[in-house]
Amino acid sequence: MKRLMLLPVLFLAACGTPQEQCISANTRDLQVVDRLIREIEGNLARGYGFETVTVYEPRWVNCTPRPTDAVPEPELEMCFEQMPVTVRKEVALDLGAEAAKLNSLEAKRKGLAKAAESVIAQCKTKYPE
């Protein structure tokens, strides 16, 4: 529940005032842990996870040679070139290990949130709005 109360502060931290920048810079670990918790909760709800992989696909590209003194206006040439494409691929997960990871991250989050309270108060004192 406390996590939900701190989320608006974290969203505001992405803005540009000095106070918000201070809060954002000093709660980065908390933001990362929150993102990881959301990701794991989604994995557990779905029953599988995602992996980002890069595959290479052939694409038509313009491979016309550069103009030279001998050939000032070369003819248009098209050729295939392997281009990287990033895709999300479904992967099987050990749901027990994911649940254990979630419990561990939630425990870590409690400590980070407690530490963030004093940092946020310091930022508010240092940069009143």
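Bear in mind these aren't lab numbers, they're just calculated from the coordinates by the rules spelled out. Keep in mind the model is a prediction, meaning the values are calculated, not measured. With ideal geometry, Cβ positions are generated from the backbone for all residues, glycine too; neighbour counts draw on all protein chains shown.
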* To do: Could you sort 71-80, 39-48 so that the peptide with the highest average Cβ count within 10 Å comes first and the rest follow in order?
  => 39-48, 71-80
* Can you tell which of Pro67, Leu95, Ile120 lies farthest toward the positive end of the dipole of the range 66-129, using +1 and -1 charges on the Cβ of basic and acidic side chains (Lys, Arg; Asp, Glu)? -> Ile120
* **Range of Cα positions in the chain per principal axis (Å), largest first** => 71, 44, 16
* **Helix-only [θ]222 nm of the chain, DSSP H runs n ≥ 4, -39500 (n - 2.57) each, per residue, nearest 500** => -19000 deg cm²/dmol
* Asked: Out of Asp34, Asp69, Asp94, any idea which swings most in a Gaussian network model of the chain, alpha carbons joined below 10 Å?
  -> Asp69
* Structure fact -> Across the chain, qualifying lysine pairs (alpha carbons under 28 Å, at least 8 places apart or different chains) come out at 15
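What's the magnitude of the charge dipole for the chain around its Cα centre, counting Lys and Arg as +1 and Asp and Glu as -1 at the beta-carbon? Answer in Debye, nearest 20. Working shown, then result.
Working: 17 positive and 18 negative charges, 230 e Å.
Here the size comes out at about 1100 debye.
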* Structure fact -> Non-local residues with an amide H under 5 Å from the amide H of Leu93, with H modelled 1.01 Å from N and Pro and chain starts lacking one, are Gly49
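What helices in the chain pass both tests, a Cα length along the helix axis of 15 Å or more and a mean Kyte hydropathy of 0.0 or higher, using whole DSSP H runs? Let's see the in-between values first.
Working: long enough: 2-13 (17 Å, 1.64); 28-46 (27 Å, -0.46); 95-126 (44 Å, -0.24).
For the chain, where a helix must reach 15 Å along its axis and average at least 0.0, the hits are 2-13.
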